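Below is one structure, written out as structure tokens; comments come after it.
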Amino acid sequence: MCAARTKYDKLFTLFDEFSAAIAGINDPSVQQFCAAWISSKKVYAEAIESGVRKSTITAGMEQGLREMPVIFMQLNDVQRTEVMNALRAAVVDNFPEFYEKDALLLASIIRRAKIRNEREYYLVRYRIDELEGRPEGVGELGSLYQLVEKFES
């Protein structure tokens, strides 16, 4: 019987897989991210060794995961699609419940037609990044763009 993986373990593996999947993309922001992840792994290990709780690190990693679409927003369409697909695959493989919770929250945001805070804003931005360039997302994109525009104004 294998031990249950903690949220920290899931996120750590997710970021490891994601970083490895995008490492070959020739873009400074991608390379910077990959280098930062290597550095972060060492910092996390040292922090845990010195008594920092994994849950503290996990909260930061989860927020970082939500901000990925913004970090890679400036990539060209092909690169952004490759990065977002790699991210989605890493999440689905390692932390699928992340998307389940977010899907419920996104549905709630759309129903109320209002973004309330920064977390919700990044969730909507993430969904926009997922849909851009996909013909099946055209209808949903319009309403998501309106939500973002209303929140930013």
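Any read-out appearing in this document is the output of simple, stated calculations on the displayed coordinates, not a laboratory observation. All values derive from a computational prediction rather than experimental measurement. Heads up, the Cβs are rebuilt from the backbone with ideal geometry, glycines too, and the neighbour counts pull from every protein chain shown.
Values computed for the structure shown
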item	result
Criterion: surrounded by fewer than 18 Cβ atoms within 10 Å (Cβ to Cβ) and within 14 Å of K10 (Cα to Cα) - qualifying residue of G60, G24	G60
Selection count, the range 67-90, where residues are in a helix (DSSP H, G or I) and either surrounded by 18 or more Cβ atoms within 10 Å (Cβ to Cβ) or without any contact (Cβ under 8 Å) to a residue 24 or more places away in the chain (or both)	11
Those residues of the range 27-52 which are touching a helix residue (DSSP H, G or I) at 6+ places or on another chain (Cβ under 9 Å), assigned to a loop (DSSP other than H, G, I, E, B) and loosely packed, with under 14 Cβ neighbours inside 10 Å, in sequence order	V52
Test: residue in the range 45-56 that is without any contact (Cβ under 8 Å) to a residue 12 or more places away in the chain and within 17 Å of A90 (Cα to Cα)	no
Selected residue [within 12 Å of the chain's Cα centre (by Cα) and of a type in the set (G, A, S)] from A89, A45, A113	A89
Filter result (assigned to a helix (DSSP H, G or I), more than 19 Å from M73 (Cβ to Cβ) and in contact (Cβ under 8 Å) with a residue 12 or more places away in the chain) within the range 101-149	L105, I109, I110, S143
